[in-house]
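The values are calculated or read from the model by the stated rules, or taken from the named source; none is laboratory data. The structure presented is a predicted model; accordingly, all values stated were derived computationally and were not measured. Neighbour counts are summed over all protein chains in view; Cβ atoms, including those assigned to glycine, are modelled from backbone coordinates with ideal geometry.
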């Protein structure tokens with residue numbers, strides 16, 4: 001058997017390569033989605049299958065097929081089913097023929113190069129579009145399912161990026177092709193074809209290298225805020241990764257939540273705050289920086305029940321329920337990384353004992369003392385900030 005995986009491009013026969021046409025003509029079996037089979041079918045038997053496991057099972061059951069062809073939309077190397085199918089079939093003797101990708105198709109229609117685009121799949125997977133658009137001049141999204149172009153636009157608008165320029169390409173290189181451009185806010189109320197892609201252009205991307213946003217950039221009100229130096233150290237000790245789920249318990253003004261969201265790409269930031277003023281400030285600061293923050297007003301750990309399991313958690317305020325919160329974090333993820341701040345000796349002693357008793361590993365206990373140089377007439381003097389204790393560690397399941 002000589003298996004061939006064909007990248008069929010956007011679904012237009014005119015876009016097929018000569019090698020793809022020859023493979024189709026020689027195939028004794030065609031496998032793929034009904035849409036592709038209807039457009040590219042020949043006299044060979046057809047099987048409307050799309051799941052890699054189902055296709056592999058068919059090939060095992062029918063060894064009489066000597067030159068089967070699997071039709072794959074787009075390009076075989078761009079978020080394609082080719083990878084999983086090759087893994088299931090061995091793939092050593094398979095021929096892979098690439099097709100025109102949707103990235104190339106949209107770039108051609110816009111007459112633009114695409115080598116600087118950030119490429120993201122929002123097709124059947126969780127996607128936080130603002131996290132990518134915020135950091136990149138151009139972000140290209142494959143769309144599908146719940147992550148339709150209008151849904152992505154609504155998400156961008158909710159994160160304070162409603163003014164970003166967005167272009168949606170529908171049914172590219174097909175008879176009913178359409179290309180629409182507007183702001184994310186304008187296109188959030190539109191409806192688009194199932195075969196659509198989206199390009200977002202952010203003229204002022206934010207490119208953080210390390211945490212350390214100045215305190216003055218946050219809306220503060222009368223709510224306590226973790227200062228910049230402590231905030232930076234907290235995030236460094238948590239060792240955030242781009243796809244982490246991060247919990248901010250006792251979020252206050254949301255400064256830690258915002259900085260975490262600026263660092264993450266594919267992750268999620270979930271904040272808990274009891275006070276109404278604090279919740280209003282978290283929303284304002286998230287919108288100011290154009291970051292998505294899932295906010296729950298209430299007391300932890302109950303308010304965290306709807307959050308996905310945390311990879312990392314910061315507890316800046318516990319309302320006297322530190323042990324319950326730590327146990328809830330470990331129940332959801334025994335390997336979670338945690339950081340706890342304390343301003344009193346009593347809270348320090350309690351948090352330190354709890355981390356040991358609950359089996360946390362690699363526990364660190366630090367005191368952070370920061371002094372700022374401030375004017376004193378024609379001279380300058382040091383003005384000390386309140387010292388803060390910082391404890392961090394990894395759950396026993398790490």
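Looking only at region 376-386, which residues are closer than 22 Å to residue 343 by Cα and free of Cβ contacts under 8 Å to residues at least 24 places away in the same chain? Spell out how you get there, then give the answer.
First, the residues of region 376-386 that are closer than 22 Å to residue 343 by Cα: 382-386.
If the condition is that a residue be closer than 22 Å to residue 343 by Cα and free of Cβ contacts under 8 Å to residues at least 24 places away in the same chain, then 382, 383, 384 are the ones that fit.
Can residue 39 be described as closer than 27 Å to residue 103 by Cβ, out of contact with any helix residue (DSSP H, G or I) (no Cβ under 6 Å at 6 or more places or on another chain) and not in a loop (DSSP other than H, G, I, E, B)?
So residue 39 passes the test.
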Checklist outcome for this item: Of the residues in region 308-331, those that are in contact with a strand residue (DSSP E or B) (Cβ under 8 Å, 6 or more places away or on another chain) and surrounded by fewer than 18 Cβ atoms within 10 Å (Cβ to Cβ) come to 308, 309
Checklist outcome for this item: residue 167 vs (1) under 18 Å from the mean Cα position of the chain (by Cα); (2) surrounded by fewer than 24 Cβ atoms within 10 Å (Cβ to Cβ); (3) touching a residue at least 24 places away in the same chain (Cβ under 8 Å): all pass except (1)
Item to check | Any chance residue 255 is buried (at least 18 other Cβ atoms within 10 Å of the Cβ), assigned by TED's automatic domain parsing to the domain that holds residue 292, at pLDDT 90 or above and over 21 Å from residue 394 (Cα atoms) | outcome: yes
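Do we have any residue at all in region 111-129 that's in a helix (DSSP H, G or I), without any contact (Cβ under 8 Å) to a residue 40 or more places away in the chain and farther than 17 Å from residue 156 by Cβ?
no
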Next on the checklist: Considering only residues that are touching a helix residue (DSSP H, G or I) at 6+ places or on another chain (Cβ under 8 Å) and at pLDDT below 95, which ones fall in region 165-176?
Outcome noted: 172, 173
Next on the checklist: Let me confirm something: among 351, 335, which residue is in contact (Cβ under 8 Å) with a residue 60 or more places away in the chain and either closer than 24 Å to residue 260 by Cβ or in a strand (DSSP E or B) (or both)?
Outcome noted: 335
